[in-house]
Amino acid sequence: MEKRTVLWYMTFWGFAINYMFRMNINIAIVSMIKHSVLKTNVTIIQHECLRNTEQLTSNKTLAQNKFTVDLNDNKFEWNEHQQNLILGVFFTTNWIMQTPGGILAQRYGTKTVFGISNGVAAILSFAIPASAKFNYKALVFVRAAQGLISGGVWPSMHTMTANWIPAHERSRFVSAYLGSSVGMAVTYIICGYLIATFDWESVFYFSGGLGLLWYIFWILLVYDTPAKHPTISIRERTYIENCIGKTIQVRSKPLPIPWKSLLLSKVLIINLVTQTGGIWGLFTLAAQAPSYFNFILGLNIKQTGLWSGMPHFARWAFSFGFSMICDRLVKSKRMSMTNVRKMATFFCNILQGLFILGLCYSGCNSVAAVIMLFSATAVNGAISSGSLASVVDIAPNYAGVIQGIIGTFASSSGFISPVIVGYLTYNQQTLGQWCKVFHLSGAICICTGLIYIFFGTSDIQKWNEYNEPVVNEKELKSIVKKPPNSSHATDT
């Protein structure tokens, strides 16, 4: 098996496990808290589409208006503020490490940064049950540390991609990054089964054990460059180095980062805007689809969980299939690299935006809404062949740093989008208000996609190459021959 194929599998599962650490507490916390239910005669929950009217009746054997409390000592009395703090702190600290993660990978290599990020996060996963039982603030601290250490995963991987993957294979390889989608979907299925069979602690022990197992294989099988790999075939190494050519500069010391050129680069800014727009749409769907399906369409909790999670499998499948087509187009020279990236951006931004708008116009038709959600999430998978892969195209020497800068801004969608959705729908769970959410998200996706199509490029930028200061040969000889303090020499 070629080492690039091994690297693809290790990267895929690395991102899947990283997202397992992100998402596992979202389902575990349901079983971690004590549920106190106020017993009244009848509570009616009326949904916007009148599809499913739920009726909660009291247990008539209990006195009216009394509370029933879960007395399990393994559960906690956390209020809504404390719960939201526990759930959100991971993402609050995660974005801090985006740019530093790229810089560290530039200096110490992706094998170290990516490996430590997942490895330490796995160890911290074992500490979650004990910290939760000690104090909720201790749990918040552990989750904050997990989020911080995990932040270097995404930007660091671009550095290794630049060193290992020829241009005509990058779209397919970057589809491994979307192992994150598979990790997100699988987490809910596996963790739900673990909680039902054992208890909520098993979720974190399982996640931690799986993470450590992955880390062992990562250390044994992955190397930063083909030249450092002890068992790579001469044929594969020669092929990679010939394909990459002079786009990657090999030095004993890390290349100095041209910060001014990076931050003022129009190409980088266009990539930043495009990725942010696509991620805005994806994050809005991932976070808000359950609420929309439940509160507006009236789907039950099982249906809501199923139709909210399944689209992420479709996203990765679309990414992998689409990336193979893109790589074939580049290799056969039927399309230029820039045009392939623009075609992918049409899918992952513009088409995604149109499907999000379709959610609004599907009204109370739950089948149409599910189709629109599936489609919008799936086509976003084309990002692995679009602006995400383009970062490596424009500056392979600084790809990790650039993705770190972009990730710092793009991940802000995870904070800003929920605030706006909350403002628009607070005490107004209606189709009209949700249409405003979908109109805004759709418009952002479409506009950012058009910006890349009109102005984006995958051409290597001039500042990718670092030119060492050159000393003139004549000057060098004169320096070598010239004795010290010659100006003060006297004849004897």
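Quick notes on this structure:
- Residue within segment 147-155 that is part of a helix (DSSP H, G or I), in contact (Cβ under 8 Å) with a residue 12 or more places away in the chain and over 16 Å from the mean Cα position of the chain (by Cα) present: no
- Top-ranked residue of segment 365-378 - restricted to ones that are open to solvent by less than 10 Å² (accessible area, probe 1.4 Å) and of a type outside the set (Ser, Thr, Tyr), ranked as modelled with the highest pLDDT: ALA376
- Filtering segment 196-210 for residues that are in a helix (DSSP H, G or I), open to solvent by less than 60 Å² (accessible area, probe 1.4 Å) and acidic (Asp, Glu) leaves a non-empty set.
Conditions (1) open to solvent by less than 10 Å² (accessible area, probe 1.4 Å); (2) touching a residue at least 40 places away in the same chain (Cβ under 8 Å); (3) among the basic types (Lys, Arg); (4) part of a helix (DSSP H, G or I), marked per residue:
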position: GLN98; (1), (2), (3), (4): no, yes, no, yes
position: GLY102; (1), (2), (3), (4): yes, yes, no, yes
position: ARG143; (1), (2), (3), (4): yes, yes, yes, yes
position: ALA185; (1), (2), (3), (4): yes, yes, no, yes
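- Count of residues meeting criterion [open to solvent by 70 Å² or more (accessible area, probe 1.4 Å), without any contact (Cβ under 8 Å) to a residue 24 or more places away in the chain and hydrophobic (A, V, I, L, M, F, W, C)] in segment 216-238: 3
- Selected residue (only one of PHE90, PHE114 is modelled with pLDDT under 90, open to solvent by less than 40 Å² (accessible area, probe 1.4 Å) and part of a helix (DSSP H, G or I)): PHE90
- Pairs where the first residue, in segment 19-30, is of a type in the set (Lys, Arg) and the second is open to solvent by less than 20 Å² (accessible area, probe 1.4 Å), C-beta under 9 Å, 6+ apart: ARG22/PHE90; ARG22/ASN94; ARG22/GLN146; ARG22/GLY147; ARG22/SER150; ARG22/SER180; ARG22/GLY183; ARG22/THR187
- Looking only at segment 156-171, and only at residues there that are assigned to a helix (DSSP H, G or I) and over 17 Å from the mean Cα position of the chain (by Cα), the one that is surrounded by the most Cβ atoms within 10 Å (Cβ to Cβ): ARG170
The values are calculated or read from the model by the stated rules, or taken from the named source; none is laboratory data. These figures come from a predicted structure and were not determined experimentally. Every residue, glycine among them, receives a Cβ derived from its backbone with ideal geometry; neighbour counts consider all protein chains shown. Ligands, DNA and RNA are excluded from the accessible area calculation, which covers all protein heavy atoms including side chains. Shrake-Rupley method; radii C 1.70, N 1.55, O 1.52, S 1.80 Å.
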